[in-house]
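Comments concern the structure below.
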Amino acid sequence: MRYGPLILALFLISPGSAFADKPSTNAGTPPGLAKKGGVPPGLAKKGGLPPGLAKKFGTAPPARAYIALDPAHDDRAWFLIDGRWILKQKFDSSVRVEVRNAMTFEPVPPPVPLPSLNIAFRVVLFE
């Protein structure tokens with residue numbers, strides 16, 4: 001009971017510290033240049049396939065990497081691997097940023113026919 005008056009006295013002396021604004025944490029935005037709208041650091045100078053998308057091709061990404069993007073979804077994409085379109089999905093936030101950035105690239109005609117789905121694919125090429 002001896003601490004009750006002490007706590008009350010401290011609160012009365014400095015009431016603003018109890019109601020101070022806490023710094024906001026934006027948990028929905030990935031760290032680094034992604035929140036600033038820039039390109040990933042490794043691509044700023046040299047261009048090419050973003051690192052998150054490169055991992056989706058496996059151990060060795062091709063020299064000419066074709067990716068078919070669904071404009072309605074940034075959490076999935078179709079990758080041209082060994083002459084076949086392979087669907088990869090459930091991307092984390094950093095790869096989703098790379099997909100959104102790739103949507104701004106100029107579309108190219110696909111070298112292999114796209115999957116016959118009712119989707120207006122946007123095919124991009126990374127060299």
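Coordinate-derived values only; no laboratory data. Computed from a predicted model, the values in this text were never measured in an experiment. All Cβ positions, glycine included, derive from the backbone under ideal geometry; neighbour counts span all protein chains shown.
Rounded, prolate or oblate: pick one for region 49-127, where a ≥ b ≥ c are the square roots of the eigenvalues of its C-alpha gyration tensor, a/c under 1.5 means rounded, and failing that, prolate if a/b is larger than b/c, else oblate. The shape class here is rounded.
Per residue, the average separation of C-alpha pairs within less than 8 Å and at least 6 apart gives region 49-127 a relative contact order of 38 percent.
Backbone phi angles across region 78-83, fed through the Karplus curve with coefficients 6.51, -1.76 and 1.60 (θ = phi - 60°), yield HN-Hα couplings of 9, 10, 7, 10, 6, x Hz in residue order; Gly and Pro are listed as x.
Among residues other than Lys88 whose Cβ falls under 13 Å from its Cβ, what is the net charge (Lys/Arg +1, Asp/Glu -1)? Summing Lys and Arg as +1 and Asp and Glu as -1 gives +1. Can you tell me how region 66-111 classifies by the Cα gyration tensor, rounded, prolate or oblate, using a/c under 1.5 as the rounded cut? It comes out oblate by the Cα gyration axes. Using the Karplus relation 6.51 cos²θ - 1.76 cosθ + 1.60 with θ = phi - 60°, the per-residue 3J(HN,Hα) values for region 54-62 come to 5, 5, 6, 7, x, 6, 10, x, x Hz, with x marking Gly and Pro.
In order along region 86-102, the phi-based Karplus estimate (6.51 cos²θ - 1.76 cosθ + 1.60, θ = phi - 60°) of 3J(HN,Hα) comes to 10, 7, 10, 9, 6, 6, 7, 5, 5, 6, 5, 5, 5, 5, 4, 5, 5 Hz; Gly and Pro are listed as x. A simple count of charges around Asp74, restricted to other residues whose Cβ falls under 15 Å of its Cβ and scoring Lys, Arg +1 and Asp, Glu -1, yields +3.
Counting only aspartates and glutamates at least 8 places from Lys56 when in the same chain, those with an alpha carbon closer than 17 Å to its own are Asp70, Asp74, Asp75, Asp82, Asp92, Glu98, Glu127.
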